[in-house]
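Undergrad: Provided herewith is a single structure, encoded as structure tokens, for subsequent inquiry.
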Amino acid sequence: MTRSVSPRHHDIADDLRQQITTGRMKPGERLPSEADLADRYKVSTVTLRRALAVLQSEGLVDKIHGKGNFVRHPPRKIVYVGGWGTLDPWTAAEAALRVSVRTTTVQADGHLATLLKVPTGSPLAEFSCISHEGESPHGLARIYIPRDLAPVGALADDSSWRETATRFAILSSPAAAVRETVGARPPTPDEVSALRIRPAAAVLAITRVATDSTGRVVEVALLVFPADRVDAVFTTHHVTDERQKQG
């Protein structure tokens, strides 16, 4: 009976994995160069890169272009508070968590036009946000507001506005109703790249639609979080019927 032999890159991945999980290699620590590791294990750099790819796919190692391979910090979960679209202040306000915001004007395509109930091609203010803790991305948000409802200075380089935007909060005028659709799905190629996740990983996708008291849609937000980095919390408020009180 022939005994199967594990490919060499799996043996190397097993050894590095043990060093990481036992704490011999600490979170944030830079691994030796690929050339040094290949020399240590007496393999080619091609084989060594296959081993590192295994650890990268498992979320144990991050490869940062131009810097090298690093032991990944365990992902810290943040809390998404449903209803208002905010990140919980106990996690969102941490100094280590930063959000990059890009603002621009776009035209509503078919999907956005349907969500916002506006004609295709209508001008929209777009806020593209990505949150990070250190080198680890935590979430993406694309927030759309009809251009005529965007607050003064919203598309300018205004630091106070950018601070508001970092919370992924509702950015337009106060909403009378908020509807959120939540689902899990595979990430798109762009999300894989931006969030540094495996193509097979699941993401939590939230579509938030806010309307005013007249029923007009004042904001649409498309939020995406790696499923292992966020908890979504929704609170239901029960309204007592006045007729029941009087009964």
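Undergrad: For LEU171, which of the numbered conditions (1) of a type in the set (A, V, I, L, M); (2) closer than 14 Å to PHE127 by Cβ; (3) at pLDDT 90 or above fails to hold?
TA: If we test LEU171 against (1) of a type in the set (A, V, I, L, M); (2) closer than 14 Å to PHE127 by Cβ; (3) at pLDDT 90 or above, just (3) comes out false.
Undergrad: For region 211-227: of the residues being aliphatic (A, V, I, L, M) and over 21 Å from the mean Cα position of the chain (by Cα), which is modelled with the lowest pLDDT?
TA: Let us first name the residues in region 211-227 that are aliphatic (A, V, I, L, M), namely 217-218, 220-224, 227.
Checking which are over 21 Å from the mean Cα position of the chain (by Cα) leaves us with 217-218.
On the way: VAL217: 93, VAL218: 90.
Checked region 211-227; the qualifying residue modelled with the lowest pLDDT is VAL218.
The values are calculated or read from the model by the stated rules, or taken from the named source; none is laboratory data. What you are looking at is a predicted structure, and each value in this text was computed from that prediction instead of being measured. Note: ideal-geometry Cβ built from the backbone for every residue, glycine included; neighbour counts use all protein chains shown.
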